[in-house]
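Chemist: Mind having a look at this structure? Questions to follow.
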Amino acid sequence: MATVREGNKGVLLIVDVQIGVMSGTWDALRITKNVSRAVERARASDVPVIWVQHSDQELRYGSPEWQLVPDLSPAEGEPLIHKQFNSAFEETRLEQELAKLSATHIVLAGAATNWCIRATAYGALDRGYDLTLIEDAHTTGTIELENGARIEAANIINELNIAMTWLSYPGLANGTATAEAVNF
């Protein structure tokens with residue numbers, strides 16, 4: 001059973017809004033604007049913002065594709081976590097940063113929905129954090145299967161939004177909200 005964390009101290013966690021990740025995603029411009037809006041709202045409410053940046057063999061550390069998209073970047077003092085696995089928790093200092101902030105509630109946005117957002121969402125819940133997925137501030141690309149079938153990006157996004165609404169963990173709260181309406 002997951003540890004249930006006492007209190008209600010929120011953070012906004014922005015995952016992998018990088019040029020090489022966002023370039024092939026569904027409705028990237030709108031999603032980027034919604035992520036930006038969530039960041040503005042968090043900062044205006046003195047809610048900490050934590051940024052996560054992925055690197056691997058396809059997304060090389062320091063490359064142009066590895067950079068965060070031009071409209072989004074950490075403000076001075078906002079942590080930037082580097083990761084090499086889908087979950088932002090695996091072999092990173094994310095949990096230490098969350099502990100320093102006494103965080104109990106993670107508000108999540110970024111890319112890619114079916115990989116890093118999903119893994120980070122489940123990782124947060126498994127570690128006892130309440131979770132809100134910003135339903136209009138995460139995205140992915142369409143998947144084309146070897147048999148010619150396609151899983152449309154919008155369907156992947158909708159599926160995770162539904163899962164985060166109906167998922168149930170003992171003692172934890174989880175759900176979705178829009179970038180404009182999310183409570184931190």
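Any read-out appearing in this document is the output of simple, stated calculations on the displayed coordinates, not a laboratory observation. What you are looking at is a predicted structure, and each value in this text was computed from that prediction instead of being measured. Ideal geometry is used to build each Cβ from the backbone, glycine not excepted, and the neighbour counts take in all protein chains shown.
Chemist: With springs only between Cα atoms under 10 Å, which of 113, 25, 139 fluctuates most in a Gaussian network model of the chain?
Modeler: Comparing 113, 25, 139 in a Gaussian network model of the chain, the most mobile one is 25.
Chemist: Check cross-link reach from residue 100 to the lysines: straight Cα distance under 26 Å, and skip same-chain residues fewer than eight apart.
Modeler: Straight-distance partners of residue 100: 9, 83.
Chemist: With labels modelled as points extended 7 Å from the Cα through the Cβ direction, what inter-label distance (nm, one decimal) is found for residue 61 paired with residue 96?
Modeler: 1.5 nm
Chemist: Next question. For region 1-56, rounded, prolate or oblate, judged on the Cα gyration tensor with a ≥ b ≥ c (square roots of eigenvalues), a/c < 1.5 rounded, else prolate if a/b > b/c?
Modeler: Because a/c hits 1.5 or more and a/b fails to exceed b/c, region 1-56 counts as oblate.
Chemist: Which percent, to the nearest 5, of DSSP beta bridges fully inside region 1-132 are antiparallel?
Modeler: Given both bridge residues lie in region 1-132, the antiparallel proportion sits at roughly 5 percent.
Chemist: Quick one: dipole size for region 10-177, taken about the Cα centre, charges +1 on Lys/Arg Cβ and -1 on Asp/Glu Cβ, in debye to the nearest 20.
Modeler: Charge dipole, region 10-177, about its Cα centre: 280 debye, nearest 20.
Chemist: If you don't mind, another one. Hey, fewest Cβ within 10 Å first, where do 55, 168, 102 land in order?
Modeler: In order of increasing Cβ crowding within 10 Å: 168, 102, 55.
Chemist: GluC sites (Glu not before Pro), restricted to region 92-184: which are DSSP loop and have at most 16 other Cβ atoms within 10 Å?
Modeler: Hits after loop and neighbour filter: 146, 152, 180.
Chemist: Provide the per-residue ³J(HN,Hα) series for region 103-109, in order, calculated from phi with Karplus coefficients 6.51, -1.76, 1.60 and θ = phi - 60°, each as a whole number of Hz, with x at glycine and proline positions.
Modeler: Result, rounded to whole Hz: 5, 10, 10, 9, 9, 10, 8.
Chemist: Follow-up. From the list (i) 0.96; (ii) 1.14; (iii) 1.18, can you say which value of Cα Rg over 2.2 N^0.38 Å was derived from the structure given?
Modeler: From the options (i) 0.96; (ii) 1.14; (iii) 1.18, the structure gives (i).
Chemist: Now for a different question. Just to confirm a number: summing +1 for Lys and Arg and -1 for Asp and Glu over residues other than residue 116 whose beta-carbon lies under 9 angstrom from that of residue 116, what do you get?
Modeler: +1
Chemist: Tell me which GluC sites (Glu not before Pro) from region 1-89 have a DSSP coil assignment and no more than 14 other beta carbons within 10 Å of their own.
Modeler: Passing sites in region 1-89 are 6, 58, 76.
Chemist: Ranked by Cβ crowding within 10 angstrom, fewest neighbours first, how are 54, 82, 105, 138 ordered?
Modeler: With the sparsest Cβ surroundings first, the list reads 82, 105, 54, 138.
Chemist: Moving on to the next point. Would you work out the relative contact order for region 10-177, in percent, from Cα pairs under 8 angstrom that are 6 or more residues apart?
Modeler: 25 percent
Chemist: Please order 33, 100 by the number of other Cβ within 10 Å, starting at the fewest.
Modeler: Exposure proxy ranking, most exposed first: 100, 33.
Chemist: A further question on this structure: Counting Lys and Arg as +1 and Asp and Glu as -1, what is the net charge of the other residues whose Cβ lies under 9 Å from the Cβ of residue 79?
Modeler: Around residue 79, the surrounding residues sum to 0.
Chemist: Towards the positive end of the charge dipole of region 10-177, with charges on Cβ (+1 Lys, Arg; -1 Asp, Glu), say which of 168, 115, 87 has the farthest Cα.
Modeler: Positive-most Cα among the choices belongs to 168.
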